1. Which peptide among 416-423, 465-472 comes first, and what is the full order, when sorted by highest mean count of other Cβ atoms within 10 Å?
2. LEU126: net charge of surrounding residues, Cβ under 13 Å, Lys/Arg +1, Asp/Glu -1, itself excluded?
3. Contact order normalised by length for the stretch 346-494, with contacts defined as Cα pairs under 8 Å and 6 or more residues apart; what percent is it?
4. What's the center-to-center distance, using Cα atoms, between the stretch 202-267 and the stretch 348-399 in Å?
5. Which net charge results for the neighbourhood of PRO280, defined as the other residues with beta-carbon distances under 14 angstrom from its beta-carbon, given Lys and Arg at +1 and Asp and Glu at -1?
6. Tally Lys/Arg at +1 and Asp/Glu at -1 over every other residue whose Cβ is under 15 Å from the Cβ of ILE263; what's the total?
7. With a 10 Å radius around each residue's Cβ, average the other Cβ atoms per peptide and rank 373-381, 520-528, highest first.
8. Return the subset of LYS262/LYS516; LYS248/LYS521; LYS249/LYS453; LYS205/LYS258; LYS393/LYS448 for which the Cα-Cα distance in this structure is over 21 Å, preserving the input order.
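Nothing in this text is a laboratory measurement; each read-out follows from the coordinates by a stated rule. These figures come from a predicted structure and were not determined experimentally. Here Cβ is always computed from backbone atoms with ideal geometry, including for glycine, and neighbour counts include all displayed protein chains.
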Amino acid sequence: MASLLSQNITQSIGDEKSKSEKKVNRKRKKEENKEVEVEEEMEMKKLENLLFGSLYNPVGFGKDDGGDDSAMFFVDRVADSALSVYEGEPQVVQEGMAEVEKERKPVWVDEEEEKTSIKIASVNRLRKLRKEEGEDVISGSTYVERLRAQHAKLNPGTEWARIDSQGRSYSSDEDSDDEGKHTEGLLADDILQSNEDLVVKSRTKLLPGLLEYSRLVDANAVDPSNAPINSVEFHRNSQLLLVGGLDKKLRFFQIDGKRNTKIQSIFLEDFPIKKASFLPNGSQVIVSGRRKFFHVLDLVKASVDKVGPLVGREEKSLESFEVSPDSGTIAFLGNEGYILLVSSKTKELIGTLKMNGTVRSVTFTDDGRQLLSSGGDGQIYHWDLRTRTCIHKGVDEGSINGTALCASPNGSLFASGSDSGIVNIYNRQEFLGGKRKPIKAIENLTTKVDFMKFNHDAQILAISSSMKKNSSKLIHIPSFTVFSNWPSANRAVHYPRCLDFSPHGGFMATGNAEGKVLLYKLHHYHDA
């Protein structure tokens, strides 16, 4: 009996050992199969990385993954720089202390490009590709490069993904979610802490010779006037344009270059409009005519008030005036050489200035502290409005009767026009210092200069005369040469009477004796 029990116990122990050994063998086989699968998967990943790029986690430089990296990367010792085999995208790799930028290589090169010559000066649509005024013929490869640059300039859709001037990138595949939130915070802080315009302005200089522009739908096409237009002016937000003329109506248009919707029109009974102008702060419109009084249109209150005659003065007409850049003072042209200074807040007379001859034109400097005037004695006066005294007086070269004055927005230049059609351009500081010689005398007009206007960056000066058809010129500053393609021969401006540029230079509007306000897009300026 004992032997039988021992045999049974021994047999059961042997059976348990065999079962455990079988389990161990099965476990080993499973682990070996898993290892084989992992190795096969790694081999497949390497093969896919080699053929199609990094579809999974890419193998990093200097990391040992148990495989051979020689098939994925190589070192070009001849080029003296480390390059990856993926040449589709530009990369920057570092060897030692030097950083080498890898440029995108073209897939196909046309050998005929270098042999081809392109004339860009003789074709209107290609003149924008010139780098210099006298450039005429360029090679085919240069032509392709400039076309690409022009396309990138007109379609800056990916600028947000590039590194900014401070070395920050707002779009990166390697940034974590936290880093992305931090970057967005930096961008928002930059916007909120800055009072600069968000629209990128053109920083390139305007080239002389030919001006790139397009004729758009007339600004007042929805409601044209049946009388000459005497005043056009853009509001400081650039979308609102006021139009006034002898039909006694003051019209407002929303300018978009396509429909130019009319916002409102106001009829002033028995008041043919000679001039209408926004206060620079945009809150009111001053409207004048050949009357002893003038009107004030309050845009906030939507009211029209009649002001005048001015106490202590007997002027029969207050038709000509200028508003200071700080919106504090309105200067009316009075009788016998008097300049009437009126407060824009109270609309009351606060002082007068007296010239030796008759006064025909005035203009404020950029800070509003000085006033320039000219008239029948052929001299230009500089007035200090704080002391209301003449601080300088000089002869306008070649002028007998001054008819128009205009100062540049930065205050460095001013232009003087006369009844002979000559326009003199002066450096203001040099003129105040005793140098009476103008920088340039423009002799393209042959009749009395009625109107002059600098654009916002003083690269263009517009001059015109209402006494001759198409007598309007645009002058390039600082070359002081006239744009030869303005006005266009086949699209005349008729008898021009007034002109204005939008606040950022994108639009130009000119009113004529036909009652039309012609609207143009200046392509050099991207923002209106």
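1. Sorting 416-423, 465-472 by mean packing, highest first, produces 416-423, 465-472.
2. Values: positive: LYS119, ARG125, ARG127, LYS128, ARG130, LYS131, ARG146; negative: GLU135, ASP136, GLU212.
Surrounding charge for LEU126 is +4.
3. Details: 345 pairs, mean separation 20.6, N = 149.
Once divided by the residue count of the stretch 346-494, the mean separation gives 14 percent.
4. Here the two parts' Cα centres lie 30 Å apart.
5. Computed value for this residue: -4.
6. Neighbourhood net charge equals +1.
7. 373-381, 520-528
8. LYS248/LYS521; LYS249/LYS453; LYS205/LYS258; LYS393/LYS448
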